[in-house]
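Right, one structure below, let's go through it.
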Amino acid sequence: MMEPSSLDRAEPDLRVECDRGIAVVRFDRPPVNAFTRSMYDQLRRTFHRLAEMDDLRVIVLTGTGRVFCGGNEISEFVDLGYEEATEHLAHVRLCFNAIYDCPVPVIGAINGAAIGTGMALATLCDIRIAADTAVFALPEIDVGVLGGSKHVMRIAPQGLTRLMMFTGRRVSAAQALAASMIEEAVPPAQVLPRARELAEEIASKSPKAIRFAKVGLNRTENMTLKEGYEFECTLTAAVRRTAEAREGALAFIEKRKPSYALDR
């Protein structure tokens, strides 16, 4: 069992629960989980520490209350000049990279509105389970700045991304589901239980194979077909050398569930 104390330190605006290979990371900055520069750093540190846990299998990312993330704390940015904004955005990028580069799957339990930064954070997750009441938006244009459209383009059609970027319009969970921006839309009370259920399903698979798969998916995302499959083949060959691959094959032959102990 993973203990929260293994994260070494508490972060004031995050709550982290770890159990049986699954970590739940929760934004906890009422009323709308708006991000400050400090919160970006907190989230980056948390993901870096979680990435060092060998027994970690899945992370669930969610928010406290009825909002996933309402964007940035605007009061921090009103008087930012060019140099200060550049420094702040460096902290944002490092945070986002820590999530994207996480060695295990990250499930977004989008419990409510994902606005601005919240939209970007949702896109950085590998899989998104959203409340059917959730909305998604890039409203930065309404305050004269720009949002993370490049991240949104990873999961949303080009035209819809541009519409959101140019107008700041909100996209409903139903529209997001139809556009394949999210994988499921469920009643709000079912978001976290459904995400946990999916996390447990993933956690039951070969941990080493899942980590290889995450590397492959990230690395091949922008490769050509031939380049990507060649890289995947190297990972497939590498994973065949693990004890878990043999256990999976034997379990299939013997018609039983494979046993992937956390300390295997």
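Restricting attention to the range 185-218, which residues are under 30 Å from Val239 (Cα atoms), buried (at least 16 other Cβ atoms within 10 Å of the Cβ) and without any contact (Cβ under 8 Å) to a residue 60 or more places away in the chain? Correct list: Lys205, Ser206, Lys208, Ala209, Phe212, Ala213, Gly216.
If the condition is being in a helix (DSSP H, G or I) and either on the phi > 0 side of the Ramachandran plot or surrounded by fewer than 17 Cβ atoms within 10 Å (Cβ to Cβ) (or both), then the range 164-174 contributes Phe166, Thr167, Ala174.
A single entry from Ala10, Ala90 fulfils the requirement of being under 30 Å from Phe212 (Cα atoms), in a loop (DSSP other than H, G, I, E, B) and without any contact (Cβ under 8 Å) to a residue 60 or more places away in the chain: Ala10. Of all residues in the range 93-106, none satisfies being loosely packed, with under 15 Cβ neighbours inside 10 Å, under 26 Å from Glu201 (Cβ atoms) and touching a strand residue (DSSP E or B) at 6+ places or on another chain (Cβ under 8 Å).
Residues of the range 115-171 that are in contact with a Ser or Thr (Cβ under 7 Å, 6 or more places away or on another chain) and under 22 Å from Val186 (Cα atoms): Val135, Val152, Ile155. Restricting attention to the range 211-251, which residues are within 24 Å of Glu183 (Cα to Cα) and either of a type in the set (Ser, Thr, Tyr) or in the same structural domain as Ala109 (by TED's automatic domain parsing) (or both)? Result: Thr220, single match.
Residue by residue, here is whether (1) among the aliphatic types (A, V, I, L, M); (2) assigned to a strand (DSSP E or B) holds:
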{"position": "Ala120", "(1), (2)": "yes, no"}
{"position": "Phe136", "(1), (2)": "no, yes"}
{"position": "Gly147", "(1), (2)": "no, no"}
{"position": "Lys150", "(1), (2)": "no, no"}
{"position": "Val191", "(1), (2)": "yes, no"}
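With the requirement that a residue be small (Gly, Ala, Ser) and at pLDDT below 90, what does the range 210-246 give you? Passing the criteria: Ala237, Ala238, Ala243, Ala245.
The values are calculated or read from the model by the stated rules, or taken from the named source; none is laboratory data. Predicted model only: the values in this text are computed from it and were never measured. Cβ coordinates were reconstructed from backbone atoms using ideal geometry, including for glycine residues, and neighbour counts include every protein chain displayed.
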